[in-house]
Amino acid sequence: MKDLKTNIVWKHLESSNKKIIIEQGGSRSGKTYNILIWIIFAYCLKNKNKIVSICRKTFPALRTSAMRDFFEILKVHELYNELDHNKTSSEYKINGNLVEFMSLDSPQKVRGRKRDLLFINEANELFWEDWNQLIFRTIGRIILDYNPSEEFHWIYEKVKTREDADFYKTTYKDNKFLEPSIVKEIERLQYTDENYWRIYGLGEIGQSKATIFEYREIESIPENAKFISLGLDFGYTNDPSVLCKTYIHDTNIYVEELFYRTGMTNRDIHNELLNLEIGRRDEIFADSAEPKSIDELHRYGWNIKPSTKGRDSINIGIDMLKRYTIYITKKSQNAIKEFRNYKWKEDKNGNILNQPQDRYNHFTDSLRYSVYTKLARPNYGKYSIR
């Protein structure tokens, strides 16, 4: 058997006694490869009758990354046996242990059987709900790796801060086996793309190229900005109810978050509108998919109307907003968090698709309801899409 090409990631896994190991790193730091080496040699070859789950959000991405590396390691070290490989179910038996490869793109897969060891490759692709279901079904250690392409994420806020978690950061400099040509390309990023260099070179938190909106922060709404309307997105248990107030001046849109809260009934929303001293004549545009809620608030005396919707209205609304410079008040922290994390979907090869992800979109939806409905009217504002 050939010598193992390990780096500091192996040492992290060997030395930590915590349930959760978080490996944040830049591109080509060797984090995924070393985690897989550890799973094979330090876990599977030293234990029996264990179930190991190696997962990623989508199976095509898993197959071309961690799954491919896993079988490459087995073959290089002459451990691969065709008879132990169930290609139909994407499982491999090694030393009496079962290693399963699974995607997490449906609730049924996430709520699968329990396991002894879990490795989540590119964990920042997952939703918070995915994580909860996985951790409930994992008896032993959980290992996460990812490139920190999102400025705000549940990993940073809810997992990294746990007392039973160890956090480590690596970069390409920790991979002594990396080819000089690859090192040169990574280091070129510091001159060509500052954000990519921060994420993929230094392994530090940055902002993805798939992020939909750019914005600027301001202390308060300028006095010369003209009120447009209010936008309301309904939620309840898991999703928040959100109210935003929008203004316009020239090619600038100014926005502030008035509330962002789960568990609000329509009566609660009515009371909060009273507390905020919203004018009874002020137009409120809300999700047209909630006619009952709109009618109830209208009967409370509010000037609330369904937002304009139609074919491709989400993308048209996004396109309209992108024509303006967007300013958000600094106190609107949930709005800022969403703007930093609202992104386009990507295909299995990392190409950006013209379809937004269905997350971090509660405030952005409320903004879209407000602006799209008003500025889509003929002769209102600079742009018209009718």
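Taken together, the values in this text are just the output of simple stated rules run on the coordinates, not laboratory data. Here the structure is a predicted model, which is why all the values come from computation and not from measurement. Because the Cβ atoms are built from the backbone with ideal geometry, glycine has one as well, and the counts that use them run over all protein chains shown.
Using a cut-off of 20 Å between Cα atoms, the listed pairs Lys87/Lys345; Lys322/Lys374; Lys245/Lys305 include Lys87/Lys345 as exceeding that distance. For the chain, modelled as a GNM with alpha-carbon contacts under 10 angstrom, which of Pro148, Pro180, Pro356 fluctuates the most? The residue with the greatest mean-square fluctuation here is Pro180.
Approximating the spin labels as points 7 Å out from Cα along Cα→Cβ, the Leu83-to-Arg311 distance works out to 5.9 nm. The orientation-averaged projection of the convex hull spanning the C-alpha atoms of segment 153-193 amounts to 4.4 square nanometres. A full extension of the chain between Asp164 and Asp250 corresponds to an added length of 25.8 nm, given 0.36 nm per residue minus the alpha carbon distance. Restricting the GluC sites (Glu not before Pro) of segment 267-318 to loop positions (DSSP other than H, G, I, E, B) with no more than 11 neighbouring Cβ atoms within 10 Å leaves Glu277. Projected label points at Glu91 and Asn351, each 7 Å from Cα along the beta carbon direction, are separated by 3.5 nanometres.
Enumerate by residue number the trypsin sites (Lys or Arg not before Pro) in segment 121-181 meeting two conditions: DSSP loop (anything except H, G, I, E, B), and at most 16 other Cβ atoms within 10 Å of the site's Cβ. Could you put the intermediate results ahead of the total?
Numbers: sites: Arg137, Arg141, Lys158, Lys160, Arg162, Lys169, Lys173, Lys176; in loops: Arg137, Arg141, Lys160, Arg162, Lys176.
Sites meeting the loop and neighbour criteria: Arg137, Lys160, Arg162, Lys176.
Model label points for Asp268 and Arg68, set 7 angstrom from Cα along the Cα-to-Cβ axis, are 4.7 nm apart. When Rg and the Kirkwood radius Rh are both evaluated on Cα atoms of segment 8-201, their ratio Rg/Rh stands at 0.96.
Short-range pairs are left out: with C-alpha atoms under 8 Å and at least six residues apart, the relative contact order of the chain is 16 percent. The protection proxy used here, the mean number of other Cβ atoms lying within 10 Å of each residue, ranks peptides 30-40, 3-13, 72-82 as follows, highest first: 30-40, 3-13, 72-82.
Running Debye on the chain with equal point scatterers at the Cα sites and no solvent, what base-10 log of I(q)/I(0) appears at q = 0.11 Å⁻¹? Listed by q, the Debye log ratios stand at -0.87.
Going by average Cβ density within 10 Å per residue, which order do the peptides 86-97, 196-207 take, highest to lowest?
On the way: 86-97: 14.6, 196-207: 20.3.
Most protected by this proxy first, the peptides run 196-207, 86-97.
For Lys330 and Tyr236, the FRET efficiency from 1/(1 + (r/R0)^6), where r spans their Cβ atoms and R0 equals 35 Å, is about 0.80.
Considering segment 225-264 at the alpha-carbon level, its Rg and Dmax are found to be 12.1, 38 Å.
Just order 48-61, 215-228 by mean Cβ neighbour count inside 10 Å, highest at the front, would you?
The most tightly packed comes first, giving 48-61, 215-228.
Restricting the calculation to alpha carbons of segment 231-386 gives Rg and Dmax of 15.5, 51 angstrom. Take the Cα of Phe136, go 7 Å toward its beta carbon, and the backbone nitrogen atoms of segment 18-59 under 20 Å from that spot belong to 20, 53-57.
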